[in-house]
Every structure is written in structure tokens, then in C-alpha cells.
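Worksheet: the structure to be examined is printed underneath.
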Amino acid sequence: MEPAEPARVLTAIGAEERGRLLAALAAKFHDLDLAEEALAEAMLRAVETWPDRGVPDRPQAWLMTTAKNRAIDLIRTDGARARSLARLRIEDESRPGDHDDPADRLGEALSTADIPDERLGLFFTCSHPTLGESERIALILRFLAGWTTPEVAAAFLVDARTMQQRIVRAKRRITVTGIPFGAPAPDQLAERLPGVLRAVYLIFTQGFVATTGRSHARVDVQEEAIGLSRLLVRLLPEQVEAQGLLALLLLTRSRAGARIAADGAPVPLAEQNRADWDSALIAEGLGLARAAAARAGTSRAGAETYTVQAAIAALHAEAASFADTDWPQILLLYRMLARLDPSPVVRLNLAVVRGRVDGPRAALTALDALADDPQLSRHRPFHLARAITLRELGRDADAEAAVEAALGCPGNDAESEYITARFTDSGR
């Protein structure tokens, strides 16, 4: 055997199969720490034994069985885990020899496809409403996307120790509160699915406009969210909102090549060169958006907010230019969205679109009606929208005050520099 062959096979297994193995182990043992430790030791054992003994015919099955056996060994040496073993009634399994193919112990019919795909259940475990929003996102990236703790920390611009503590607290809460492993029953799906979708959506938005840090966007975070969204669509093919979310993310991601300048500064939608938008992502996103819209009202997951947002993104994608955008139709869709989700950010977007249809005075009236909302008082886009609208009305002094308020809100450095150059220096 070529010495590089075992490494090539382990690399080819990839993050997705690793996530599938981890989810299957977590579902069996109801313990994320145990599942992760056992799988890591199985991977190490493969690195140590495969070069001499050869790669098993079914490497994923080998890893699964080796990890299960290692988990049982760990349980037997830990009193608390031993009680868990008894509770879960895990059958006694003997350790395979150095190169007894463990897949054989599972039966000749076993293949990669026979390892149950428990990732949907792990989505719901990591997105349980008992967990905080940041905890849900961290767990999904750590255990479903397969990121390391330092990678998750880097995505959210905190140090690895802080992120590790956050993940440990979340896992402890899962254990202490008895959060179930596995997908909810069909009658609970509608209640729980929005939390899962929101977690993936928030991962994407963190990558699309970073809340802090030097860069305006994180492409790797956006791509991970899209990958997770694709997985949800595969696991929940009948759920319209999963399809709507994927459509929204693809259509939004399609603008990536035009929304960041060569110097890293953000480029507003009105100034983007649409020839740089990704036509393949647009085509896929439009197809999904239309399919989701055609099935609207059939989902068991309740209000179809992502399907409506995907329809809005589709109108932007279909417009040949900013001036050709069908703003009246977008306004109707935002009014629909505001009924489904009357959140401050949705109402802010509705106010901005009103300005495109009814003029800046209508936009300012709508924006000022939101001025007392505590969430928007620290939301940079709100103050920027006011600044732009006030400048359109010739109220430059008020616009400058709104710009200063925007710069006082959380935001990334690239955006802050752009605002300063565009709205402050040029306005003096």
C-alpha cells in the first residue's frame, strides 16, 4: 500500500461524513463530549494501524464501530457514564483486534449508507430553545460543520478560551436540563424548526456583514451556512421554509463579487456592477425561490418568512439595474413580511423601501416612528438609513448627527472607514 493512501482516505471522508459519524455516536450515547472523544480516538487508531494493515473495505463503518467500542470502554471507567450505559441499555461489544475489520462485526450488509444519518436530530439538539442564541450557533459550527473551537472563535472574533467556555456551558446545559437527542416528533416540528433555521441564518449574516473586526465580510462563514442550509433541505425535503432559506442565502451570496471593493470597502447595492454577480448561484436561487413560493402555505413549520425574503431577493436578482428594481412589488412583500415577522429590523427595511416608492419624506416618517426602539438605537443600518434620507431632504446637519450615531454603533472597521470617508469627510 502507498504510505499516503490512509491519509488520503481519511481526508476524503471529509467534514460531512465526520459530522454524520459524530451525530450517530451522539444519538447512541446522548453525550457530545463522549462522542467527540471516541471519534477522535478512532481516527487516531486509523492513522496508526491502516498504513501497516491496509485501509478497510468500509472505512466509515470501521471508524463507527471502533468509536462505539472506545466509547463503551470510556463509559466503563467512569461511574457517571457507567450509569448512563445502564440507562441507555447499550449492549456489550468487544474491542476489535488490531486489524479485525470492525465492519464485519456489524454484519456483511453494512455499508456507509447503513450508518444512520442522525444529523437532523443533532441540529435540533444544538438549537434547543433552552440554549442561548450564541450557544446554538457555536454548537452547530462545532459539531455539525466540524469546525475546531479556534475556528469558531475566529468567526465571531473572540479568543479560543472564551469560545471553549461558551461551548462547555452549552454542553453542560444540554446534560443538566435533559435536552433530548434526535429530531422532534412530527407534531413538534413546526414549533422547533424556526429556531434551527434562524441559527443557520444568523451564521450567514455574521459572515455577510461582520459585526466587529477588520473585514466587512467572511466568505468562509457564508459558505458554511449555505452548506448547512443545503443539508437541511436534504434532510427535510418537504419543508418549504428550509428551501426558502437556502434560496435566500444563495441569492444573497451571489452578490459577493460586487459588494466588496478591491480595498476591502463595502459597495452599496445601488453601485454594484451586476455583471459581477454570480449567475450560477442566481439561477439556482431563483429556481428554489419559485419552487418555495409555489408551495407557500403548505409548510408545517408555520410562517414562511424565509420564503418571502427569498422572493424579495429574487426581485433584486432579476432586475437589470438598481433603477429597474420593482420597488412597488418589494414593498408589498415587505408588508407581508412585517405581518409575519414584525421585528424592528423588518420594519426598518420596510421604511427604507417605502422611501424608494413614496419618496424620502415618507421614509423619514417611518424611520422616525422607530426611533425609540432600543434594538435599533444600537443598530448601525438604522442610523445610516436616517442619514441618507436626511441628506436627500437637504437636512445636512441632521444627517451628520445620524452619521455620528451610526459610527457609535457596533460594526466592522472596513464599514466604519467607508462611512467616515463617504458621509463625514465629503460632507464637510
Query raised in the report: In region 381-425, which residue that is of a type in the set (D, E, K, R) and over 18 Å from GLY355 (Cβ atoms) is surrounded by the fewest Cβ atoms within 10 Å (Cβ to Cβ)?
Result: ASP425
Requested in this report: Would you mind finding the one in LEU231, LEU189 that is of a type in the set (A, V, I, L, M, F, W, C) and either more than 15 Å from the chain's Cα centre (by Cα) or not in a helix (DSSP H, G or I) (or both)?
Outcome: LEU189
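Here is a yes/no grid of residues against (1) outside any helix (DSSP H, G or I); (2) more than 20 Å from TYR201 (Cα to Cα):
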residue: PRO116; (1), (2): yes, yes
residue: LEU120; (1), (2): no, no
residue: THR130; (1), (2): yes, no
residue: GLY146; (1), (2): yes, no
residue: ALA153; (1), (2): no, no
residue: LEU157; (1), (2): yes, no
residue: GLN165; (1), (2): no, yes
Query raised in the report: Within region 158-189, which residues are over 16 Å from ARG119 (Cα atoms), modelled with pLDDT under 85 and buried (at least 16 other Cβ atoms within 10 Å of the Cβ)?
Result: VAL158
Query - Selection count, region 132-144, where residues are open to solvent by less than 50 Å² (accessible area, probe 1.4 Å), of a type in the set (Gly, Ala, Ser) and assigned to a helix (DSSP H, G or I) - result: 1
Requested in this report: Being free of Cβ contacts under 8 Å to residues at least 24 places away in the same chain and under 25 Å from ALA256 (Cβ atoms) is the filter; apply it to region 320-338 and report the residue that is surrounded by the most Cβ atoms within 10 Å (Cβ to Cβ).
Outcome: TYR334
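Please determine, by comparing only the residues of region 249-276 that are hydrophobic (A, V, I, L, M, F, W, C) and buried (at least 19 other Cβ atoms within 10 Å of the Cβ), which one is nearest to HIS316 (Cα to Cα). If you could, list the steps in order and put the result at the bottom.
Taking region 249-276 first, the residues hydrophobic (A, V, I, L, M, F, W, C) are 249-251, 256, 258, 260-262, 265, 267, 269-270, 275.
Now drop any that are not buried (at least 19 other Cβ atoms within 10 Å of the Cβ), which leaves 249-251.
Working: LEU249: 13, LEU250: 13, LEU251: 9 Å.
Here the answer is LEU251.
Those residues that are under 15 Å from PHE382 (Cβ atoms) and open to solvent by less than 40 Å² (accessible area, probe 1.4 Å), I need them from region 344-364; list them, please.
At the first step, the residues of region 344-364 found to be under 15 Å from PHE382 (Cβ atoms) are 344-355, 363-364.
Of everything in region 344-364, those that are under 15 Å from PHE382 (Cβ atoms) and open to solvent by less than 40 Å² (accessible area, probe 1.4 Å) turn out to be PRO344, VAL346, LEU348, LEU350, ALA351, VAL353, GLY355, ALA363, LEU364.
Could you tell me whether LEU245 is farther than 20 Å from VAL152 by Cα and not polar (S, T, N, Q)? Give the derivation first.
Numbers: farther than 20 Å from VAL152 by Cα: yes; not polar (S, T, N, Q): yes.
Here the answer is yes, as LEU245 does meet what is asked.
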Requested in this report: Of the conditions (1) modelled with pLDDT of 95 or more; (2) surrounded by fewer than 19 Cβ atoms within 10 Å (Cβ to Cβ); (3) touching a helix residue (DSSP H, G or I) at 6+ places or on another chain (Cβ under 6 Å); (4) farther than 21 Å from ARG255 by Cβ, ASP341 clears all except one; give me its number.
Outcome: (1)
Requested in this report: Looking at (1) in contact with a helix residue (DSSP H, G or I) (Cβ under 8 Å, 6 or more places away or on another chain); (2) modelled with pLDDT under 95; (3) part of a helix (DSSP H, G or I), find the lone condition where ALA296 falls short.
Outcome: (3)
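The values are calculated or read from the model by the stated rules, or taken from the named source; none is laboratory data. Owing to the predicted nature of the structure, the values given are computational and were not obtained by experimental measurement. No Cβ is skipped: glycine too gets one built from the backbone with ideal geometry, and neighbour counts run over all protein chains shown. Ligands, DNA and RNA are excluded from the accessible area calculation, which covers all protein heavy atoms including side chains. Shrake-Rupley method; radii C 1.70, N 1.55, O 1.52, S 1.80 Å.
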